[in-house]
1. Exceeding 25 Å between C-alpha atoms, which entries from my cross-link table qualify? They are Lys129/Lys265; Lys169/Lys265; Lys80/Lys155; Lys94/Lys214; Lys41/Lys214; Lys155/Lys248.
2. Rank-order 175-183, 253-261, 98-106 by packing density, defined as the average count of other C-beta atoms within 10 Å over each peptide's residues, highest first.
3. Can you give the relative contact order of the stretch 222-261 as a percent, counting alpha carbon pairs under 8 Å and 6+ residues apart?
4. How charged is the neighbourhood of Ser156? Take every other residue with its Cβ under 14 Å from the Cβ of Ser156, and add Lys/Arg as +1 and Asp/Glu as -1.
5. Roughly how many nanometres apart are two label points built 7 Å out from the Cα toward the Cβ at Ser269 and Asp76?
6. So, in nm, how far is label Lys241 from label Asn45 when the simple model puts each one 7 Å beyond its Cα toward the Cβ?
7. Lys40: which aspartates and glutamates have alpha carbons under 16 Å from its alpha carbon, excluding same-chain residues fewer than 8 sequence positions away?
8. If neighbour count is taken as other Cβ atoms inside 10 Å, put Ser132, Ser185, Ser266 in order from fewest to most.
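None of the figures in this text is laboratory data; all of them are computed from the coordinates on show. In this text, all values refer to a predicted model and were calculated from it rather than measured experimentally. Using ideal geometry, Cβ is built from the backbone for each residue, glycine included, and neighbour counts are taken over all protein chains shown.
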Amino acid sequence: MRFTMNRKKIFNWIKYFVLVYCSIGIALYYLQEYILFHPKKLERNYVFDFKQPFEELNIPFNNTDTLNMIKFFPADTVRKGVVLYFHGNMENVKHYAPFVTTFTKHGYEVWMPDYPGFGKSTGEITEKKLYSIAFELQKMASQKYGNDRLIIYGKSLGTAIATYAASAKNCEMLILETPYYSIPSLFGTYAFMYPASVMSNYNLPTYEFLQEVKVPVTIFHGTGDWVVPYRSGIRLKACLKPADVFIKIPEGSHNNLSESAIYQKSMDSLLSF
């Protein structure tokens, strides 16, 4: 009798566990875009007010999608080239504008697009569309400055997009800040008990694109990063060429690498030639 009762109790616990497991899994699947993307939309008539000189562009991509992009300019009219900057998953270009002085002080123009649904950019975001945007903007920048004066920079979410752009067409160099191996790999870090590779609607395989990049690559990652864990970035070292550089920033978190003396010194060295 006791054995029967215990077996029933165990069976009830198993049913409860399966119900909770499946419920969380279903929620993760349907909410994954809300977890991955945190855009902040802006009205079309919103007026940007940045501290540095800039120009706003609205680029029509198709009948429904218009890409909003800000061009930030250095004070000097003689420019070394252009940095194509693919930002992270937060808000819009206003959130990332403070970082452009790293480049403009060295004489570089910075092109920073907002992804579909971010800021003033319209349309639905898809992985294929992100690649298309990266390719077209890389082509535009190359036509104006040439491949040898184009730097492609990716931050967080933008690292896979930047790496794709650098793998599809040549540039001067690729710089990645807090990159991830792939989205399924990143999801698997937090939800290791679920088949992330099957559940994820986005792949963004930085590691695949990185193996096709022919130009010099520099990666920055902090050991205290809790958004994209350091172990996710360190896996990319296996995809680097012998001359490429992986720079570890001790205790650096996801959002403060630009404050690090190691980052500042390295960026000054990369951009001062």
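1. Working: Lys129/Lys265 35 Å; Lys169/Lys265 28 Å; Lys80/Lys155 22 Å; Lys94/Lys214 32 Å; Lys41/Lys214 36 Å; Lys155/Lys248 15 Å.
Violating the 25 Å Cα-Cα cut-off are Lys129/Lys265; Lys169/Lys265; Lys94/Lys214; Lys41/Lys214.
2. Values: 175-183: 25.8, 253-261: 15.4, 98-106: 18.8.
In descending order of packing, they fall as 175-183, 98-106, 253-261.
3. Values: 35 pairs, mean separation 23.5, N = 40.
Reported relative contact order: 59 percent.
4. On the way: positive: Lys155; negative: Glu91, Glu177, Asp225.
Result for the local shell: -2.
5. The modelled label-to-label distance comes out at 2.1 nm.
6. 5.1
7. Output for Lys40: Glu91, Asp114, Glu124.
8. Values: Ser132 14, Ser185 20, Ser266 17.
Ordered by Cβ neighbours within 10 Å, fewest first: Ser132, Ser266, Ser185.
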